[in-house]
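Everything on this sheet refers to the single structure shown next.
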Amino acid sequence: MALIAPSVLSANFLKLSDDIQMINQSEADWFHLDVMDGRFVPNISFGMGIIQAISKEAKKTLDVHLMILEPEKYVADFARAGAHNLSVHIEACTHLHRVIQMIKAEGMKAGVAINPHTSIQQLEDVIADIDLVCMMSVNPGFGGQKFIPNTLNKIQQLKQMIVAKGSHALIEIDGGVTYENASEIITAGADVLVAGNTVFSAPDPVAMIAALKKC
Ligand code: DX5
Ligand code: ZN
């Protein structure tokens, strides 16, 4: 059974409070919060102000995914805003090891996100230090895209590396997760499923979260 992390990017921003309550009352485990800067990815979403507001109502782990350049500049700000998990992109960090230590020093769980073109081998020297790998299964920037099938091979490779290195890192799959493909993603070794469009476009989002939880 995987953890389910609905992505707030697909929520109704005019009625954000209703959607936060819906996730609180559902079987979801985490809130997945996508921060985009219009530079690392071709889209702009929301920042610490929104996350701070969400943190006042949310009763579950706030899993913040930074799709921004120079994330090291904002680590302390996101801690103050209420982030529990903070993931930075490997492609956006010149000194990844240092950023991981900064995240931990702020009392958060440290995550590293990797794009679809980034190989698992690049995680080898940090995997024992981190709590989470956010593996992108679409090119980051937008919700509602199609799952890239090669991700399944990458999950299996990463799982082997995690075991071999004695790491406790969770594998989170982000992008294009549906009710139809959830089982094979979990079978490949995923621990956490992010779901935006699948949850928020469902006629009954609470029921969809419960269905994903049973996959
Ligand atoms: C994409 C984001 C995802 C997105 C997933 O850049 O990182 O978290 O919200 O949305 P779906 O589940 O609709 O692909
Ligand atoms: Zn994300």
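The values are calculated or read from the model by the stated rules, or taken from the named source; none is laboratory data. Just so it is clear, the structure is predicted and the values come from calculations on it, not from any experiment. All Cβ positions, even for glycine, are placed from backbone atoms using ideal geometry, and neighbour counts span all protein chains on display. Accessible surface is based on the protein model in full, side chains and every heavy atom, while ligands, DNA and RNA are left aside. Shrake-Rupley method; radii C 1.70, N 1.55, O 1.52, S 1.80 Å.
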Enumeration of residues in the range 1-41 that are within 14 Å of ligand 1 (Cβ to nearest atom), open to solvent by less than 30 Å² (accessible area, probe 1.4 Å) and of a type in the set (S, T, N, Q): Ser7
Working only within the range 179-197, note down all residues that are open to solvent by 70 Å² or more (accessible area, probe 1.4 Å) and within 14 Å of ligand 2 (Cβ to nearest atom). Asn197
Pick out the one residue from His89, His84 that is surrounded by 22 or more Cβ atoms within 10 Å (Cβ to Cβ) and either modelled with pLDDT under 95 or within 16 Å of ligand 2 (Cβ to nearest atom) (or both). His89
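Conditions (1) touching a His at 6+ places or on another chain (Cβ under 8 Å); (2) away from ligand 2 (no atom under 16 Å from the Cβ); (3) open to solvent by 30 Å² or more (accessible area, probe 1.4 Å), marked per residue:
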{"residue": "Leu132", "(1), (2), (3)": "no, no, no"}
{"residue": "Gly143", "(1), (2), (3)": "no, no, yes"}
{"residue": "Pro149", "(1), (2), (3)": "no, yes, yes"}
{"residue": "Asn153", "(1), (2), (3)": "no, yes, yes"}
{"residue": "Lys159", "(1), (2), (3)": "no, yes, yes"}
{"residue": "Val163", "(1), (2), (3)": "no, yes, yes"}
{"residue": "Val177", "(1), (2), (3)": "no, no, no"}
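If only one of Gly111, Gly176 is modelled with pLDDT of 95 or more, among the small types (Gly, Ala, Ser), part of a loop (DSSP other than H, G, I, E, B) and within 16 Å of ligand 1 (Cβ to nearest atom), which one is it?
Sole residue among the options that is modelled with pLDDT of 95 or more, among the small types (Gly, Ala, Ser), part of a loop (DSSP other than H, G, I, E, B) and within 16 Å of ligand 1 (Cβ to nearest atom): Gly176.
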